[in-house]
1. If the elastic network links every pair of Cα atoms under 10 Å, which of 13, 162, 55 fluctuates the most in the Gaussian network model of the chain?
2. Considering only 251, 61, 187, give the residue with the highest GNM mean-square fluctuation for the chain, with springs between Cα atoms whenever their separation is below 10 Å.
3. I'd like the orientation of helix 223-244 relative to the chain: the angle between its Cα long axis and the longest Cα principal axis, in ° from 0 to 90, rounded to 10.
4. Excluding ligands and nucleic acids, what accessible area in Å² is computed for residue 197 using a 1.4 Å probe, to the nearest 10?
5. Compute the FRET efficiency between residue 78 and residue 127 as 1/(1 + (r/R0)^6), taking r as their Cβ-Cβ distance and R0 = 30 Å, and round to the nearest 0.05.
6. Compute, for residue 74, the solvent-accessible surface of its heavy atoms (probe 1.4 Å) with the complete set of protein chains present, and express it in square angstrom to the nearest 10.
7. Top mean-square fluctuation among 211, 130, 221, Gaussian network model of the chain, C-alpha springs under 10 Å?
8. Determine the gain in length on full extension of the stretch residue 97-residue 258; use 0.36 nm per residue of separation and subtract their C-alpha separation, reporting nm with one decimal.
Amino acid sequence: MNSLETVLPLALMMLATGVAGGLLAGLFGVGGGIVIVPVLDIALGVAGVDPAIRMHVAVATSLATIIPTSIASSRAHHGRGAVDIALVRRWAPFILLGVLLGTWLASLVDSQVLTAIFGSVALLVAIKMVLPLDDVNLAQDVPKGPLAALLPASIGCISSMMGIGGGTLGVPILTLLNQAVHRAVGTAALLGLVISIPATVAYIWAGWGDVRLPPASLGYVNVLGFVLIASMTVLVAPWGVKLAHRLSKRTLSSLFGLFLLLVGARMLFRAFTG
């Protein structure tokens, strides 16, 4: 990463990743991480980053970029009345607990395990979104009470291990709880902020002082990747929001699911062949 010949292609790839991540963040409420993580994993491999921590750097850097992306995306959705603020407030403490657990677990395993988790969850979510299950609900509304805390805690835990915002898990879960897909997307965008801030801090702490880290890193967060990707995602996310509100519920769900199928298959292939 120290030579211009290596840094320039890597920087261009990160800028392109930011454009794709921002568009998907606004379109699907996913915070961009679902595309940023696999692309960064490839980019860091090209740059020669140690495979044992490559996925950790990709996950942590992705979570850092989700902070400004979630702000831009959730503000745009809130302007259209598509964010359930009360639900976010109710779930936030349990998401935080899940995030702390997820980052701790991630620090204990190698990159191959994180890659397998990423691919498996992406495929499971994709199946739900692609199949015509729009009228299938597990409940008529978001449950309340002690057991209901398991939902946001699980979202926080798995999302922090995958480097994603609230959308990848939040959107399908909320739609299964009888929430309209556009409102689920908007609410998930704000949940991404609740996930990404504490997770980023935790990954900086967990990776601090690791001699295998690439240059310009704070713990597992690569600052070069953060700056380039975040700048583009903030610019592009509102475009995705506009497009999302022009699509039908079925079209939006199907596109999200097909995208996750491709990403999940690629990550599982990497986990079991890398």
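1. So, out of 13, 162, 55, the one fluctuating most is 13.
2. Among 251, 61, 187, the largest GNM mean-square fluctuation belongs to 251.
3. Taking Cα atoms only, the helix is inclined about 30 degrees.
4. 80 Å²
5. The pair residue 78/residue 127 has a calculated efficiency of 0.50.
6. 10 Å²
7. 211
8. Length gained, residue 97 through residue 258: 54.9 nm.
The values are calculated or read from the model by the stated rules, or taken from the named source; none is laboratory data. Worth saying up front: this structure is predicted, and the values here are computed from it rather than measured. Note: ideal-geometry Cβ built from the backbone for every residue, glycine included; neighbour counts use all protein chains shown. Calculation scope for accessible area: heavy atoms of the full protein, side chains included, ligands and nucleic acids excluded. Shrake-Rupley method; radii C 1.70, N 1.55, O 1.52, S 1.80 Å.
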